[in-house]
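Visitor: Supplied in structure tokens, the structure appears directly below.
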Amino acid sequence: MKKIVAIIEKGEDGGYSIYAANDFPLFASGMTEQEAKDEFSNFVQEQAEYMKERTGEYPAWYSAGGVEIEYHYDMSAFFLAFPFINVSELAKSIGINPSLMRKYKSGLAKASSKQKDLIQHKFDDIINRLSLVRF
């Protein structure tokens, strides 16, 4: 099964957009995150079927068994999807300047690949710690 990495972004209109990170011509939007995901999933299937009808075979990004869609968030969409996470405190806990993290959240700045990797690594550590918590 092939995998498509899809990026979730928060739109200026309050809705969400999703596009394939692999430079595939796949995109969708919706007023809610779930609506955008549903639209994206449907669009992937429709495009694959359309290409099969036109060319006789599925596109390279699709397999007959379907595709796995792995959703990633841009920073702004992440904090909007999880509003209970305090941006400044998260930044402090992972060792990033809180002001810079707030700029990532608002979309005023974009994190470099190296910075994204650092944030992801530190965030994974937090998730692992949280997975051990029992009430």
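The values are calculated or read from the model by the stated rules, or taken from the named source; none is laboratory data. From a predicted model like this one, the values you see are computed outputs, not experimental measurements. Cβ: placed from backbone, ideal geometry, glycine included. Neighbour counts: every protein chain shown.
Visitor: Looking for something hydrophobic (A, V, I, L, M, F, W, C) and part of a strand (DSSP E or B) - is there at least one such residue anywhere in the stretch 39-54? Steps first, please.
Guide: Of all residues in the stretch 39-54, those hydrophobic (A, V, I, L, M, F, W, C) come to 40, 43-44, 48, 51.
Still in the list and also part of a strand (DSSP E or B): none.
The answer is no; no qualifying residue exists.
Visitor: I'd like to know if the stretch 16-35 contains one or more residues that are in a helix (DSSP H, G or I), without any contact (Cβ under 8 Å) to a residue 24 or more places away in the chain, surrounded by 13 or more Cβ atoms within 10 Å (Cβ to Cβ) and in contact with a Gly (Cβ under 6 Å, 6 or more places away or on another chain).
Guide: At the first step, the residues of the stretch 16-35 found to be in a helix (DSSP H, G or I) are 33-35.
Adding the requirement that they be without any contact (Cβ under 8 Å) to a residue 24 or more places away in the chain leaves 34-35.
Filter again for surrounded by 13 or more Cβ atoms within 10 Å (Cβ to Cβ), leaving 35.
Going one step further and asking which of them are in contact with a Gly (Cβ under 6 Å, 6 or more places away or on another chain), we end up with none.
Checked the stretch 16-35: no residue is in a helix (DSSP H, G or I), without any contact (Cβ under 8 Å) to a residue 24 or more places away in the chain, surrounded by 13 or more Cβ atoms within 10 Å (Cβ to Cβ) and in contact with a Gly (Cβ under 6 Å, 6 or more places away or on another chain).
Visitor: With the requirement that a residue be assigned to a helix (DSSP H, G or I), over 22 Å from Tyr16 (Cα atoms) and either assigned by TED's automatic domain parsing to the domain that holds Ala36 or modelled with pLDDT of 90 or more (or both), what does the stretch 91-112 give you? Reasoning before the result, please.
Guide: Residues of the stretch 91-112 that are assigned to a helix (DSSP H, G or I), as a first pass: 91-94, 98-106.
Filter again for over 22 Å from Tyr16 (Cα atoms), leaving 91-94, 98-100.
Passing the criteria: Ala91, Lys92, Pro98, Ser99, Leu100.
Visitor: Can you tell me which of Leu100, Leu132, Leu90 is surrounded by fewer than 16 Cβ atoms within 10 Å (Cβ to Cβ) and touching a helix residue (DSSP H, G or I) at 6+ places or on another chain (Cβ under 8 Å)?
Guide: Working: Leu132 fails: touching a helix residue (DSSP H, G or I) at 6+ places or on another chain (Cβ under 8 Å); Leu90 fails: surrounded by fewer than 16 Cβ atoms within 10 Å (Cβ to Cβ).
So the residue among Leu100, Leu132, Leu90 that is surrounded by fewer than 16 Cβ atoms within 10 Å (Cβ to Cβ) and touching a helix residue (DSSP H, G or I) at 6+ places or on another chain (Cβ under 8 Å) is Leu100.
Visitor: Answer yes or no: is there a residue in the stretch 41-61 that is closer than 26 Å to Phe123 by Cα, buried (at least 16 other Cβ atoms within 10 Å of the Cβ) and touching a residue at least 12 places away in the same chain (Cβ under 8 Å).
Guide: Taking the stretch 41-61 as the starting set, the residues that turn out to be closer than 26 Å to Phe123 by Cα are none.
There is no residue in the stretch 41-61 that is closer than 26 Å to Phe123 by Cα, buried (at least 16 other Cβ atoms within 10 Å of the Cβ) and touching a residue at least 12 places away in the same chain (Cβ under 8 Å).
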